[in-house]
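Okay, so here's the structure we're looking at.
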Amino acid sequence: MMEPSRARAVRFLLIGLLVYFALASFPSTPRPRGAIEDENWVLGLNMARAQGLVAGTDIVYSYGPLGWLRFPDPTAGGLAPVFVYRFGLWLVWLASMARLAVTVRSRPKAAWLVFIFGAIVLADVSRPDSLDFAVAGLALLPFVDEKLRRLELAGLAVLVGLTAMVKLNDGVVALLLLISVGALTMRRRLAEPAAICVASLIGFYLLATGRLSTLPAYLRYGWEIMSGYSASVGLAGPLWQAWLAVTSIAVLLIGIPAVSRKPRALMAGLLPAAVVAFFGFKHAMVRHDAHVLAFGTEIGLAALFLLVCAAGRDVRLVGVFQVAALLFSCYMTSAWPGMGGPVTRRLTLVAGKTALWQYAHWNSTYQEIEAADRRNRDSLSLGPEYHATIGSGSVDALPWDIARVRANGWRWRPRPVLQSYAAYTPELDRLDAEHLAGPHGADFVLLDWKAIDGRHPFLETPLSWRVLLDRFEPRAAGGYPLLLARRATGRLGTPRELGTIVAHWEEPLRLPGCDGILMARAEIGESVLGSARVLLYRVDPVYLDVTYASGETRRWRTVWPNLANGFIVDPMPRNQDEFAAFARTLTRLPDPVVSIAFHTGSPGQYRSTIRVVWFELPRLGTAP
């Protein structure tokens, strides 16, 4: 038994911690949206919602039909649901913390749980809302709270459905948490939370879209995006960080249980800890850039599931591990430009006080947001020649500059995968291509010749580019961005096969001669090692080395699964001017391509041979 005076001190400590974390994590106000790459998909989500576009058919992206709640555009209107969403999840997280503080029998352990959970939330700079923390809080409670276990699992099941509508891959993680926690705490009585989970998924999709017939398409294409991510957008970072991440997961899941005095107690939390740790690793290390900042808090969050089951010395073991994880997170955040400030503002309560003031003076806050948004729009206004040409026509932006369409007040009619870099698989490329070719495609396309990660646009979404060249042509209005207008008839004929070869990595391939446009289809496959790396980590990227008649050689990254759709080899424009010249006449450029070679840093991750089929794309008449 704890002494009464000590018990009171711990009680006051718990209350103080809860009040402090409530203020420090107070939901921020929505902010104005800019025009950089990541801001464009945010605008796209909000514009899609405003236009009634349906997730799964009209819009396909990693964020779902309720993704705009996480990333709202304040000037788009309808902020009441955003406030309900943000404050509701914040309250669910706080309530789960308070419930942990009450139900954990050991008062020191309860205090540490509340402290470390709150510290993880404040240290995390990657999440704009409390959804993931609300999910984690509800997932922790069934281990210590027998009285309300069914209610807590029911709440978790509801949040699984909500999470899947905000971002599908986060919904998968939440679902696995529900299954693992439910199996460990409810044993065979999983039918009830499973039914609530399905009802929640259906209900939130119906609420967001007003229909159910397109839910299978949302799940199908969402899976396409999830399955293609590791192979298509992997980005290497410092190797020591990856090894440190793997080591920390091994320590958490193997090392701590191995030295535990009560390993059976820890085992109860091992499965959900593994779920959070694995997906935290994938999130941080597949695209190893700013994503790595979240790993320290993710692994600390995973350790909470061991902590809540630990007793005696094991609590201290897990606690030391969590402190190390937070120190790593603080080190990474402080070293990354511009990231240390937000954490400091939270810890010192400056962010919370600022948010409280902004909500209390909402009219002036909104006026400032509107003024900033107007300045962003003004910087993207295009000249009268664009407006004269487009008139009342509909416009798409390729590859991602949606902000230009919004800033100029045009009717936006996007491709389903509204950002080209996210069409990670041949099916997604085909979906966009069919839209561009079909009656629902835009009348005009604003085109900027750019791509992420050193890709060549033709090697990113090759089928979509072929359709674009076939069904659109440049207009005289303006020069940058390039304006393309839809044609009534196509300009390209049916591809004619020229021959097939079996190529090897680094092998220069001389291009066959043809009168039209030369195209190739490359079939690249993963080895057993590569398949394992896609599942557990990432594969090294595939590049195409292109040699021109002038002797110049360029290396461009590819979205290699999409090369199976067939890509244009010659001409291979190097900039927007060359593309514009090619798009006007569909004739060869002055400096043609003479050879190509496939390159990767790790050939062992792929099959040793590449089947390449050459095609000629004939040019048809030039009448519009």
So Gly237, is it in a loop (DSSP other than H, G, I, E, B), under 27 Å from Val542 (Cβ atoms) and in contact with a helix residue (DSSP H, G or I) (Cβ under 7 Å, 6 or more places away or on another chain): yes
Please specify each residue of the range 277-293 satisfying the condition of being out of contact with any Lys or Arg (no Cβ under 9 Å at 6 or more places or on another chain), of a type outside the set (A, V, I, L, M) and in a helix (DSSP H, G or I). Phe278, Phe279, Gly280, Phe281, His283, His291
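Listed here are the residues, each with its yes/no results for (1) surrounded by 15 or more Cβ atoms within 10 Å (Cβ to Cβ); (2) farther than 21 Å from Arg430 by Cα; (3) hydroxyl-bearing (Ser, Thr, Tyr).
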{"site": "Val559", "(1), (2), (3)": "yes, no, no"}
{"site": "Val569", "(1), (2), (3)": "yes, no, no"}
{"site": "Thr585", "(1), (2), (3)": "no, yes, yes"}
{"site": "Gly601", "(1), (2), (3)": "no, yes, no"}
{"site": "Val613", "(1), (2), (3)": "yes, no, no"}
Could you tell me whether Asp378 is among the acidic types (Asp, Glu), assigned by TED's automatic domain parsing to the domain that holds Lys450 and at pLDDT below 95? no
Report whether or not Pro72 is buried (at least 21 other Cβ atoms within 10 Å of the Cβ) and assigned to a loop (DSSP other than H, G, I, E, B). yes
Test of understanding: among Ala303, Ala274, which residue is assigned to a helix (DSSP H, G or I), assigned by TED's automatic domain parsing to the domain that holds Ala242 and either under 22 Å from the mean Cα position of the chain (by Cα) or of a type in the set (Val, Ile, Thr) (or both)? Ala274
Go through the residues of the range 586-604 one by one and say whether even a single one is outside the structural domain of Ile249 (by TED's automatic domain parsing), assigned to a helix (DSSP H, G or I) and over 21 Å from Phe472 (Cβ atoms). yes
Does the range 250-271 include one or more residues that are within 21 Å of the chain's Cα centre (by Cα), assigned by TED's automatic domain parsing to the domain that holds Thr333, farther than 19 Å from Cys330 by Cβ and assigned to a loop (DSSP other than H, G, I, E, B)? no
Please identify the pairs in which a residue from the range 182-198 that is free of Cβ contacts under 8 Å to residues at least 40 places away in the same chain has its Cβ atom under 6 Å from the Cβ atom of a residue that is in a helix (DSSP H, G or I), counting only partners at least 6 apart or on another chain. Leu190/Gly182
Yes/no for Ala123 being under 24 Å from the mean Cα position of the chain (by Cα) and either basic (Lys, Arg) or modelled with pLDDT of 95 or more (or both): no
Every residue in the range 78-121 that is farther than 21 Å from Leu301 by Cβ and of a type in the set (Gly, Ala, Ser), please. Gly78, Ala80
Residues of the range 48-69 being surrounded by fewer than 21 Cβ atoms within 10 Å (Cβ to Cβ) and assigned to a helix (DSSP H, G or I), in sequence order, are Ala50, Gln51
Filtered residues of the range 499-519 (kept if surrounded by fewer than 16 Cβ atoms within 10 Å (Cβ to Cβ) and either assigned by TED's automatic domain parsing to the domain that holds Leu447 or not in a loop (DSSP other than H, G, I, E, B) (or both)): Gly499, Thr500, Ile501, Val502, His504, Arg510
Out of Leu459, Leu469, Leu482, Leu492, I need the residue that is crowded, with 23+ Cβ neighbours inside 10 Å and either among the hydrophobic types (A, V, I, L, M, F, W, C) or without any contact (Cβ under 8 Å) to a residue 24 or more places away in the chain (or both). Which one? Leu459
Subset of the range 114-135, residues closer than 23 Å to Tyr331 by Cβ, part of a helix (DSSP H, G or I) and among the aliphatic types (A, V, I, L, M), comes to Ile116, Ala119, Ile120, Val121, Leu122, Ala123
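The values are calculated or read from the model by the stated rules, or taken from the named source; none is laboratory data. Nothing here was measured: the structure is a model prediction, and the numbers come from that model. Please note: Cβ atoms are built from the backbone with ideal geometry, for glycine as well, and neighbour counts cover all protein chains shown.
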